[in-house]
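J.: Structure provided below as structure tokens; questions to follow.
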Amino acid sequence: MEEDKLAIITGGAGFLGSHLSELLIKKKWKVIIFDNFSDFYDPSIKWRNAVELENIGVKIVKGDILNGNFFSKLLKKTINNSSVSPIIFHLAAQPGVSFCETHSKEAQRVNVRGTFNVLKAIIENNYPKMIFASSSCAFGESEYIPIDEKHPKNPISVYGKSKLAGEEIILDFKEKYPDFNFTIIRPFSAVGIRQRPDMAIHNFIKKIILGEKIRIYGDGESTRDWTHVKDIVNGFYLASKNDKLKDEIFNIGFGKNLSLNYTIKVIANTLQKEAIVEYINKNRFEIKHSCADINFAKERIGYKPKYQFFDAITEMITCQKKK
Ligand SMILES: NC(=O)c1ccc[n+]([C@@H]2O[C@H](COP(=O)([O-])OP(=O)(O)OC[C@H]3O[C@@H](n4cnc5c(N)ncnc54)[C@H](O)[C@@H]3O)[C@@H](O)[C@H]2O)c1
């Protein structure tokens, strides 16, 4: 019975977290989000998400994963007041590949120390299952595509390194506490409404509407596996409801890569406007190609993306025009 399910989502007020909360509420779960409403981007966006989530029954707790004791106490209280063990979806993070390059301490603190604190709280509270949002950036430059779960992991960005470190701490905890049960999800580039303002598609749409210049690192022939955010959070959901899973790792994407030049062309055509693009030197922390091999997720959890890249673009444009 899904009515008996309870989720605690760290970072639940953000882009992925708000979509995951909505999905779980639709599935009749009880949902608590734990978020510090960080100012990496305008916190009023996250508060707006939180208020909308509260209206559909989500409980909001403002708190910081860097305060491990507070998180552990919340977990204890939740477990004491509930007949079922919660599932912890750990999404809180310092994202943003470029931002993390110049704010590496913040990336380390939130993505590594913060993940350690969440794990410690889990161990202190009888091992509720954890689903961790890692990232495709943990792989670094692709040696082959599509990228399966076994692809070598050599992250080239501070962000990618910090997400891989999060994975490694989870594996260390598992070795020490065999009763602890986790799933790691590596999302590929999520697109859809409420996308973070620092992310590419959000920026492309905004700049094309305003007639501003889009700056692209490299020649624009880099590719990304744009994946509808609803498919991404469905991957988290499918992993959470499969009781047979034991400590597995899934790449969650669409399984097709599109170049930045093509992406910009599609957005400009949809908006019926011209895109002004300036190509600047490729930086050392952006990967060239990214594309998920989703066969393992298909076989193991029945994951199958339902939405096209174009669906997400259209929804985002409609949303942007309403502002
Ligand atoms: N968006 C993507 O395409 C994508 C791709 C791969 C992985 N991810 C991962 O998915 C997760 C969610 O990403 P997102 O794009 O939704 O980012 P987001 O910034 O919109 O969401 C992250 C949330 O975490 C919260 N947070 C940050 N620091 C915190 C702290 N110390 N304590 C409590 N809450 C804190 C923020 O306030 C925010 O609401 C992250 O772990 C990210 O690394 C995202």
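J.: Any idea which of 201, 280, 260 is furthest toward the positive side of the dipole for region 180-323, if Lys and Arg beta-carbons carry +1 and Asp and Glu beta-carbons -1?
T.: Ranked along the dipole, the leading option is 201.
J.: Rounded to the nearest 20 debye, what is the charge dipole size of region 1-96 about its Cα centre when +1 sits on each Lys and Arg Cβ and -1 on each Asp and Glu Cβ?
T.: Values: 12 positive and 10 negative charges, 63 e Å.
Result for region 1-96 is approximately 300 debye, rounded to the nearest 20.
J.: Divide by every residue of the chain the summed helix terms, -39500 (n - 2.57) for each DSSP H run of at least 4, and state the resulting mean residue ellipticity at 222 nm, rounded to the nearest 500 deg cm²/dmol. Write out the running numbers ahead of the final one.
T.: Details: 12 runs with 136 residues, N = 323.
After summing the helix terms and dividing by the residues of the chain, the value is -13000 deg cm²/dmol.
J.: Cα-based Rg (one decimal) and Dmax (whole number) for the chain, in Å?
T.: 19.0, 57
J.: If you don't mind, another one. Excluding residues fewer than 8 places away in the same chain, name every one of the lysines whose C-alpha is closer than 18 Å to that of residue 306.
T.: 26, 27, 230, 256, 298
J.: What pairs in 73/120; 46/213; 244/304 have C-alpha atoms more than 21 Å from each other? Show your work: numbers first, answer last.
T.: On the way: 73/120 12 Å; 46/213 27 Å; 244/304 19 Å.
Over 21 Å Cα-Cα: 46/213.
J.: How many percent of Cα pairs in region 171-323 exceed 18 Å?
T.: Working: 7207 of 11628 pairs.
Roughly 62 percent, once rounded to a whole number.
J.: Which aspartates and glutamates have a Cα lying under 13 Å from the Cα of residue 129, excluding residues fewer than 8 positions away in the same chain?
T.: 179, 243, 247, 248
J.: What does the charge dipole of region 30-145 about its Cα centre add up to, to the nearest 20 debye, if the Cβ of each Lys and Arg holds +1 and the Cβ of each Asp and Glu holds -1?
T.: Charge dipole of region 30-145: 660 debye, to the nearest 20.
J.: What is the P(r) of region 43-198, as percent of Cα-Cα pairs per 5 Å bin from 0?
T.: Final binned percentages: 2, 8, 16, 19, 20, 17, 11, 6, 2, 0.
J.: Taking the Cα centre of region 248-300 as origin, sum charge times position over the Cβ atoms of Lys and Arg (+1) and Asp and Glu (-1), and report the length of that vector in debye to the nearest 20.
T.: That gives a dipole near 80 debye.
J.: What ranking of 10, 263, 270 emerges when the number of other C-beta atoms within 10 Å of each C-beta is taken as an exposure proxy, fewest first? Each step should come with its number before you reach the end.
T.: Numbers: 10 29, 263 21, 270 15.
If I rank by nearby Cβ atoms, fewest first, I get 270, 263, 10.
J.: Further question: Around residue 295, under 13 Å between beta carbons, what's the net of Lys plus Arg minus Asp minus Glu among the other residues? Display every interim value, and only then the final one.
T.: Values: positive: 150, 298, 300, 304; negative: 148, 149, 293, 299.
It works out to a net charge of 0.
J.: What whole number of Å gives the distance from the Cα centroid of region 288-322 to the Cα centroid of region 114-191?
T.: 21
Quick note: the coordinates plus some simple rules give every number you see, no bench work behind them. None of these values were measured; they are calculated from a predicted model. FYI the Cβ positions are ideal-geometry reconstructions off the backbone, even for glycines, and counts take in every protein chain you see.
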